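S.K.: Here it is, the structure, as structure tokens.
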Amino acid sequence: MIEIHKVQTTDGHRIDCSIPSEEKLSIDAEELMLFPALIDPHVHFRVPGAEYKEDWTTAAKAAIAGGVTTVLDMPNNTPACSTALAFHGKEEMVQKQLNEAGIPLRYGFYLGADKRHLQEIPKLKKRAAGIKIYMGSSTGDLLIDDAASLKEAFRIAAANDLLIAVHAEDEALLKERKHQFANRSDAAVHSEIRSPRAAAIAVEQAILLAEETKARLYIAHVSTKGELDLIRSAKKKGLSVYAEATPHHLFLNDSAYARLGTLALVNPPLRSKQDQEALWDAIHDETIDTIGTDHAPHTLEEKQKPYGSAPSGFPSIEFYFSLLLNAHAEKKLSLEQIVSLTHTRPQEIFRLPIDDDVVLVSLDEKRTIDHSMIRSKARWSPYLGMTLSGWPRYTICRGRLFDLQ
Ligand code: DOR
Ligand code: ZN
């Protein structure tokens, strides 16, 4: 049993509580606040195929350090996780790595929709966290860019009661604009090529298909006002459409290219200040349901390549809770909103079992992010140098206590 004494709750009480455990420990938590452990519904932990960027031993350490005890991992692996065979093979590899790390992280995997393998979907009815559809290309080779296959994927997922998660950027428009901007090589052109319009076209198409096939639809990394308007009206109609925001679209915008150059590349790209503000409005009117980190590590050497060769994606799982807690300190976000975005809504949308994992936080602690704090193999962060108020102090996962200091 782990006994936690005099801890503050997010709704303003002070309680004693205990968590079943093989260990017998007692924590004096008078200075700490109790949160349900975070659920990150969108990570890229890179196994199999890109273990040099990340693996589950390093990623699990980063997750625990960030107060996360459940992750849902994306299928853009090498080979892609788009068949039952690949899915089960990945389960074995991941479990082995977690055992080695001694971290009992909870996890689920998305199955990647691939038009050659749509018949694999029913086989994973009970096991997949959802079906991931890339409507525009990103890291890896998963892509469905023809209307017929897209509809078929929606239909099969709906028939098997599987949630569909979309990477919503319109491939045709991305290609056209890549050509149009071929004379530019500065990193900021990324946000021109992958325009807000490309995102809105794909979101509109996905919502129409969800309505038609009655699929449950999860729109990953929503980043623009246009997408939010479409999602808002879909929700008003009563459709089962859910929206995710990433920490980078909430806390960074396209002004970061000047400071970070190609390090700032991510898909969908960083957006304007106006889009960033629209995202915060959508947090407040609950158009946004969840925060998913889209933790997508690449090495610093890769990220520093010239535009065209440098990959897109940010590591972030170890720091997003502190970004949110700091936003609370700045009165931008309530504690209830943080719990809803990082725990309650992901648990409901992905129908995850209820657990008693918690994270104890020191709300007043201020720390500046430096290299020594990075557990991810990426060894860099777009948030380096930021001073944040509010840090996880202990994470408890399946009755195991992790002291984070
Ligand atoms: O920036 C991104 N990186 N967006 C994606 O869609 C994929 C991810 C990755 O896996 O690197
Ligand atoms: Zn992603």
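No lab work stands behind these numbers, since they all come straight from the coordinates. The model shown is predicted, which means the values in this text are computed figures rather than measured ones. Virtual Cβ from ideal backbone geometry, glycine too; neighbours counted across all protein chains shown.
S.K.: Taking a cut-off of 21 Å, what percent of all Cα-Cα pairs in segment 211-275 are separated by more than that?
M.R.: The calculated P(r) of segment 211-275 puts 34 percent of pairs beyond 21 Å.
S.K.: How long is the gain from ASP146 to HIS117 if the chain were fully straight, where each residue apart is worth 0.36 nm and the alpha carbon distance is subtracted?
M.R.: Extra length available between ASP146 and HIS117 comes to 9.0 nm.
S.K.: Next up: Output the pairs from LYS61/LYS151; LYS178/LYS305; LYS235/LYS366; LYS132/LYS214 with a Cα-Cα distance over 28 Å in this structure; if there are none, say none.
M.R.: Result: LYS61/LYS151; LYS235/LYS366 exceed 28 Å.
S.K.: Continuing with this model, one more query. Rounded to the nearest 0.05, what FRET efficiency do ARG398 and SER272 have when you use their Cβ-Cβ distance and R0 = 51 Å?
M.R.: Working: r = 42 Å, r/R0 = 0.83.
The value I calculate is 0.75.
S.K.: When a/c is below 1.5 the answer is rounded, else prolate if a/b is larger than b/c, else oblate, so apply that to segment 163-287 with a ≥ b ≥ c taken from the square roots of the Cα gyration tensor eigenvalues.
M.R.: Details: a/c = 2.57, a/b = 1.51, b/c = 1.70.
Cα axes put segment 163-287 in the oblate bin.
S.K.: Can I ask one more? For segment 312-355, count all C-alpha to C-alpha pairs, find those more than 16 Å apart, and express that count as a whole percent of the total.
M.R.: Numbers: 458 of 946 pairs.
Everything past 16 Å amounts to 48 percent.
S.K.: Hey, another quick one. Just how large is the dipole of the chain about the Cα centre, in debye to the nearest 20, putting +1 at every Lys and Arg Cβ and -1 at every Asp and Glu Cβ?
M.R.: 720
S.K.: Within the chain, which DSSP H helices have Cα atoms that stretch 15 Å or more along the helix axis and a mean Kyte-Doolittle hydropathy of at least 0.0?
M.R.: Sorted by number, the helices that extend far enough and score high enough are 147-159, 196-213.
S.K.: A further question on this structure: How would CYS81, CYS17 line up from fewest to most surrounding beta-carbon atoms within 10 angstrom? List each step's numbers first, then the result.
M.R.: Details: CYS81 31, CYS17 14.
By the 10 Å Cβ count, ascending, the order reads CYS17, CYS81.
S.K.: What size of dipole, in debye to the nearest 20, comes out for segment 309-367 about its Cα centre when the only charges are +1 on Lys and Arg C-beta atoms and -1 on Asp and Glu C-beta atoms?
M.R.: In total the dipole reaches around 300 debye.
S.K.: Towards the positive end of the charge dipole of the chain, with charges on Cβ (+1 Lys, Arg; -1 Asp, Glu), say which of PHE402, ALA329, ALA172 has the farthest Cα.
M.R.: ALA172
S.K.: Still on this structure, please answer the following. Given points 7 Å out from each Cα along the Cα-Cβ axis, report the ASP285 to ASN99 separation in nanometres with one decimal.
M.R.: 5.1
S.K.: Determine the shape class of segment 257-301: with a ≥ b ≥ c the square roots of the Cα gyration tensor eigenvalues, call it rounded for a/c under 1.5, and otherwise prolate if a/b is greater than b/c, oblate otherwise.
M.R.: Working: a/c = 3.97, a/b = 1.69, b/c = 2.35.
Because a/c hits 1.5 or more and a/b fails to exceed b/c, segment 257-301 counts as oblate.
S.K.: Let me ask you something else. Short version: ³J(HN,Hα) in whole Hz for each residue of segment 389-403, in order, from phi by Karplus 6.51 cos²θ - 1.76 cosθ + 1.60 (θ = phi - 60°), x for Gly and Pro, what are they?
M.R.: 9, x, 9, x, 10, 9, 10, 10, 10, 6, x, 9, 8, 10, 8
S.K.: While we're on this one: Give me the net charge for the shell around CYS81: Cβ to Cβ below 11 angstrom, other residues only, Lys and Arg +1, Asp and Glu -1.
M.R.: -2
S.K.: How big is the equivalent ellipsoid of segment 351-405 along its three axes, where each semi-axis is √(5λ) from the Cα gyration tensor, reported in whole Å from largest to smallest?
M.R.: Semi-axes (√(5λ), whole Å): 24, 15, 11.
S.K.: Continuing with this model, one more query. Of the trypsin sites (Lys or Arg not before Pro) in segment 1-82, which ones lie in a loop per DSSP and count no more than 13 other C-beta atoms within 10 Å?
M.R.: Values: sites: LYS6, ARG14, LYS24, ARG46, LYS53, LYS61; in loops: LYS24, ARG46, LYS53.
Counting only loop positions with at most 13 other Cβ atoms within 10 Å, the trypsin sites (Lys or Arg not before Pro) in segment 1-82 are LYS24.
S.K.: Further question: What FRET efficiency comes out for the pair ARG232/GLU192, r = Cβ-Cβ distance, R0 = 22 Å, nearest 0.05?
M.R.: After rounding, the FRET efficiency stands at 0.25.
S.K.: Work from the charge dipole of the chain (Cβ charges, +1 for Lys and Arg, -1 for Asp and Glu, about the Cα centre) and give the residue of THR299, LEU209, HIS5 farthest towards its positive end.
M.R.: Going by the charge dipole, the pick is LEU209.
S.K.: List residues of segment 249-264, by number, whose backbone nitrogen lies under 15 Å from a label position 7 Å along Cα→C-beta of LYS332.
M.R.: From segment 249-264, the list is 249-256.
S.K.: Using a Debye calculation, one point per C-alpha and no hydration shell, please list log10 I(q)/I(0) for segment 312-405 at q = 0.13, 0.14, 0.20, 0.24 Å⁻¹ in order.
M.R.: Treating every Cα as an identical point scatterer, log10 I(q)/I(0) equals -0.51, -0.59, -1.16, -1.37.
S.K.: Mind checking segment 190-262 for trypsin sites (Lys or Arg not before Pro) that DSSP puts in a loop (not H, G, I, E or B) and that have at most 15 other Cβ atoms within 10 Å?
M.R.: LYS214, LYS237
S.K.: Per 10 Å bin from zero, what fraction in whole % of the C-alpha pairs of segment 1-85 is there, up to the bin with the longest pair?
M.R.: Binned Cα distances yield the sequence 15, 32, 26, 18, 10.
S.K.: If you average the sequence gap of Cα pairs under 8 Å that are 6 or more apart and divide by the length of the chain, what percent do you get for the contact order?
M.R.: Worked out over the chain, it gives 19 percent.
S.K.: Could you give me D for the chain, from Stokes-Einstein at 25 °C and 0.890 mPa s, where the hydrodynamic radius is the Kirkwood radius over C-alpha pairs? Units µm² s⁻¹, please.
M.R.: Estimated diffusion coefficient is 115 µm²/s.
S.K.: How big is the charge dipole of segment 198-241 about its Cα centre, in debye rounded to the nearest 20, if each Lys and Arg gets +1 on its Cβ and each Asp and Glu gets -1 on its Cβ?
M.R.: That gives a dipole near 220 debye.
S.K.: Right, here's the next one. With each run of n ≥ 4 DSSP H residues scored as -39500 (n - 2.57), what mean residue ellipticity at 222 nm is computed for the chain after dividing by its residue count and rounding to the nearest 500 deg cm²/dmol?
M.R.: Dividing the helical sum by the residues of the chain leaves -9500 deg cm²/dmol.
S.K.: Starting from the Cα gyration tensor of segment 97-200, take the square roots of the eigenvalues, sort them a ≥ b ≥ c, and report rounded, prolate or oblate (rounded when a/c is under 1.5, otherwise prolate if a/b is larger than b/c, else oblate). Show your work: numbers first, answer last.
M.R.: On the way: a/c = 3.00, a/b = 1.48, b/c = 2.03.
It comes out oblate by the Cα gyration axes.
S.K.: Work out, step by step, the length gained on full extension between ARG184 and GLU22: first 0.36 nm times the residue separation, then minus their alpha carbon distance; give nm to one decimal. Mind dumping the intermediate values first?
M.R.: Numbers: separation 162, 0.36 × 162 = 58.32 nm, distance 5.91 nm.
Length difference between fully extended and current span is 52.4 nm.
S.K.: So how much slack lies between LEU363 and ARG127, counting 0.36 nm per residue of separation and subtracting their Cα-Cα distance, in nm?
M.R.: Roughly 81.3 nm would be gained on extension.
S.K.: Using the alpha-carbon centroid of each, what span in Å lies between segment 307-364 and segment 216-258?
M.R.: If we compute the Cα centre of each part, the gap is 16 Å.
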